[in-house]
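Scroll down for the structure; my scribbles are underneath it.
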Amino acid sequence: MMPRLDTHDVLNQSPPFEDVDLFASDRALVDAVTANGAGAESAALSQFGKRWGAAAMFEAARAANENTPRLRTFDTKGFRRDEVEFHPAYHGFMYESFRDGLHCSTWDAQGRRTAAPSEVARAARYYMVAQVENGHMCPITMTRAGVGALAVEPAVRDRLIGKIVSRTYDPRFIPWWEKDGITLGMGMTEKQGGTDVRANTTTATPGGEGYSITGHKWFMSAPMCDAFLVLAQAPGGLTCFLMPRFRPDGAVNGLRFQRLKDKLGNRSNASSEVEFVDAFAWRVGEEGRGVRTIIEMVQLTRVDCVISSAGMMRMALAQALHHARHRTVFQKKLADQPMMRTLIADMALEVEGTTALTMRLCRSFDLAGNDANEAARARLLTPAVKYWICKSAPPFIYEAMECLGGNGYVEETMLARLYREAPVNAIWEGSGNVMCLDVLRALSREGEAARAVLVDLVQACAGLPGAQEAAVFIGQTLMAADGEAKARAAVERLAMLAATAALAEGAPAAAEAFARTRLATPRGGTFGTADLGPSEVATLLDRALPA
Ligand SMILES: Cc1cc2nc3c(=O)[nH]c(=O)nc-3n(C[C@H](O)[C@H](O)[C@H](O)COP(=O)(O)OP(=O)(O)OC[C@H]3O[C@@H](n4cnc5c(N)ncnc54)[C@H](O)[C@@H]3O)c2cc1C
């Protein structure tokens, strides 16, 4: 029943999309989770989906992003504070994600990988959280990924791991050893270079039980983390360190925050510019092996960028379809207008591909420890998938926004926030071109294993249109003398081939349409241009959201 205002009845507005089960209402997710070994978690995931799909969560996400963090550089008497204050809603999300172990569920109490399907089960949860609030996931992601880098320095890892795998979020600004649970961040990017971290000028001088670090970082997110993996130039070359917020003697460490970035999106989270003034840090890994060490963390953060972008695309799709089912234009629901049906079905098909591919990639991480093929798959496909999915999200969300017409463009619908949030996943942790270079690097270093991955993908796509031709194009383009110049086209195809293979394994109903409209005859530059039959459209819309 629409309310009556003084001058008119409010009619034909879609109800808010909230109080939904983000798991059970998402057929593509349910199928992908089952196909990748985590089907036994369905009941728990549905419970999680209901909690995160509650109206109160959407409202808290609005509050956390409208009330952005503030840097408190000094106290009232002029002493340094270097603290960042967050809105209570942000802390609320941190409590939630900690309680469900999103920062640690893939590690055991010693910091070793937990058994399959822990990656897929965590990814399914992360995918749902990303549909509601992304900013707080920055420290959650870095905490879970940081353990990957600490593996090379067991003494440091063993000291902290108990606090890292704790499921109690503790926001107090006190030394890490006094806290119930801690978070990790990362500082690599300097003013003169983020991609080219070998150009870092920050220095590390050995002394006492650690090193003294002096220099700066141009981007260091989630500055209230309890310790940061940072890169600095030690006598033996670029080296990875763990820098705690408090020195071992209990004094505040020498991290001096200059200001917070005024960001396009990701506004509930803080990203700082920081100087290190003789800051204490432990070495992690050998001197000169900094990139090699921190890449173990970076690989995992890249996977989270993928999950986050896929989750945001899913929410944009759900918002668009939900609205179209309730809004009448020219005496007909939008969801019954032929062109709108093709458009949203084409978008749903894209999300079928991105969801299946995301969960299949996480399956590779689940299996990599005992299966060399899966390890090679994770190595080759992580940059390719990050490239394609993170780049797909912004234009996808824009199209979903347009499905809501003017309502989509205003802040009360969450599409504006999703749209601003989406580009960061492509930019940080290796921007688009850098991901393509990483695919080329994997091919040149692990050529045979990488080629075997390509063969596996084609086999999984047996009988599907365009798969064989795509594999030939990928191989020929990336191996050619001018492979670097043309890598984007091939890497995009590689990700789409992998998406087709993932669909063939988990959602065969969508695999043929995906292969036909993405591999065999690439669709036009906008959504709604794929050649889909009426029954395909109906199936895709049904799968996207129960009517
Ligand atoms: C919101 C946000 C939060 C962030 N948080 C952190 C953080 O917590 N810690 C941290 O360390 N960093 C962080 N960053 C920084 C981020 O990781 C870097 O911005 C990113 O790695 C790119 O580095 P850069 O900005 O120096 O760009 P550059 O390295 O100058 O790259 C600019 C462009 O050139 C391209 N490019 C680079 N090399 C090549 C090549 N050889 N061929 C072709 N193209 C190339 C890149 O793809 C990119 O598009 C954050 C960034 C953002 C936006």
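Counting just the residues of the range 167-194 that are more than 11 Å from the ligand (Cβ to nearest atom), assigned to a loop (DSSP other than H, G, I, E, B) and farther than 22 Å from Ala89 by Cβ, which one comes out least open to solvent (accessible area, probe 1.4 Å)?
Pro175
Just to be sure, is Gly210 more than 16 Å from the ligand (Cβ to nearest atom) and surrounded by fewer than 20 Cβ atoms within 10 Å (Cβ to Cβ)?
no
Out of (1) more than 19 Å from Arg80 (Cβ to Cβ); (2) within 13 Å of the ligand (Cβ to nearest atom), the odd one out for Thr205 is which?
(2)
Identify the residue in the range 407-431 that is open to solvent by less than 10 Å² (accessible area, probe 1.4 Å) and under 17 Å from the mean Cα position of the chain (by Cα) and, among all such residues, is nearest to the ligand (Cβ to nearest atom).
The qualifying residue nearest to the ligand (Cβ to nearest atom) is Ala422.
Which residues, taken from the range 385-429, are in a helix (DSSP H, G or I) and among the polar types (S, T, N, Q)?
Ser392, Asn407, Asn425
Run Ala149 past the list (1) open to solvent by 10 Å² or more (accessible area, probe 1.4 Å); (2) in a helix (DSSP H, G or I) and report the number of the one that doesn't hold.
(1)
Residues of the range 218-245 being within 14 Å of the ligand (Cβ to nearest atom) and under 22 Å from the mean Cα position of the chain (by Cα), which ones?
Matches in the range 218-245: Trp218, Phe219, Met220, Ser221, Ala222, Pro223, Met224, Cys225, Ala227, Phe228, Leu229, Val230.
With respect to Pro394, determine if the residue is in contact with a Gly (Cβ under 8 Å, 6 or more places away or on another chain), within 15 Å of the ligand (Cβ to nearest atom), in contact (Cβ under 8 Å) with a residue 12 or more places away in the chain and of a type outside the set (Phe, Trp, Tyr).
Criteria not met by Pro394.
Here is a list of conditions, (1) assigned to a loop (DSSP other than H, G, I, E, B); (2) crowded, with 18+ Cβ neighbours inside 10 Å, and Glu273 meets all of them except one; can you say which number that is?
Glu273 satisfies all of (1) assigned to a loop (DSSP other than H, G, I, E, B); (2) crowded, with 18+ Cβ neighbours inside 10 Å except (1).
Could you please find all residues in the range 444-486 being open to solvent by less than 80 Å² (accessible area, probe 1.4 Å), within 16 Å of the ligand (Cβ to nearest atom) and in contact (Cβ under 8 Å) with a residue 40 or more places away in the chain?
Of everything in the range 444-486, just one residue is open to solvent by less than 80 Å² (accessible area, probe 1.4 Å), within 16 Å of the ligand (Cβ to nearest atom) and in contact (Cβ under 8 Å) with a residue 40 or more places away in the chain, namely Gly483.
Scanning for something open to solvent by 20 Å² or more (accessible area, probe 1.4 Å), out of contact with any helix residue (DSSP H, G or I) (no Cβ under 7 Å at 6 or more places or on another chain), assigned to a helix (DSSP H, G or I) and modelled with pLDDT under 95, does the range 433-442 turn up at least one residue?
no
Criterion first (open to solvent by 30 Å² or more (accessible area, probe 1.4 Å), under 21 Å from the mean Cα position of the chain (by Cα) and under 17 Å from Ala130 (Cβ atoms)) does Asp100 satisfy it?
Spelling it out, Asp100 is indeed open to solvent by 30 Å² or more (accessible area, probe 1.4 Å), under 21 Å from the mean Cα position of the chain (by Cα) and under 17 Å from Ala130 (Cβ atoms).
For the range 295-352, which positions are open to solvent by 10 Å² or more (accessible area, probe 1.4 Å) and of a type in the set (S, T, N, Q)?
Gln299, Gln319, Thr328, Gln331, Gln337, Thr342
Filter the range 246-270 for residues that are open to solvent by 70 Å² or more (accessible area, probe 1.4 Å) and free of Cβ contacts under 8 Å to residues at least 12 places away in the same chain; which is nearest to the ligand (Cβ to nearest atom)?
So the residue we want is Asp262.
Based on what the data block shows, is Leu404 more than 10 Å from the ligand (Cβ to nearest atom), touching a residue at least 40 places away in the same chain (Cβ under 8 Å), open to solvent by 10 Å² or more (accessible area, probe 1.4 Å) and more than 17 Å from Leu454 (Cα to Cα)?
yes
Residues being part of a loop (DSSP other than H, G, I, E, B) and not aromatic (Phe, Trp, Tyr): count how many of those fall in the range 524-547.
Adding up the residues that qualify gives 12.
Any idea how many residues of the range 256-311 are farther than 30 Å from Leu415 by Cβ and hydroxyl-bearing (Ser, Thr, Tyr)?
Residues that pass the stated criteria total 1.
Of the residues that sit in the range 8-43 and are open to solvent by less than 40 Å² (accessible area, probe 1.4 Å) and in a helix (DSSP H, G or I), which one is farthest from Ala316 (Cα to Cα)?
Once the filter is applied, the top-ranked residue is Gly39.
Working only within the range 105-146, note down all residues that are closer than 24 Å to Arg267 by Cα and outside any helix (DSSP H, G or I).
Ala130, Gln131, Val132, Glu133, Asn134, Gly135, His136
Got at least one residue in the range 25-44 being of a type in the set (Asp, Glu) and without any contact (Cβ under 8 Å) to a residue 40 or more places away in the chain?
Within the range 25-44, none of the residues are of a type in the set (Asp, Glu) and without any contact (Cβ under 8 Å) to a residue 40 or more places away in the chain.
The values are calculated or read from the model by the stated rules, or taken from the named source; none is laboratory data. If you're wondering where the values come from, they're calculated on a predicted model, not measured in any experiment. Because the Cβ atoms are built from the backbone with ideal geometry, glycine has one as well, and the counts that use them run over all protein chains shown. Side chains are part of the model used for accessible areas, which takes the heavy atoms of the whole protein and leaves out ligands, DNA and RNA. Shrake-Rupley method; radii C 1.70, N 1.55, O 1.52, S 1.80 Å.
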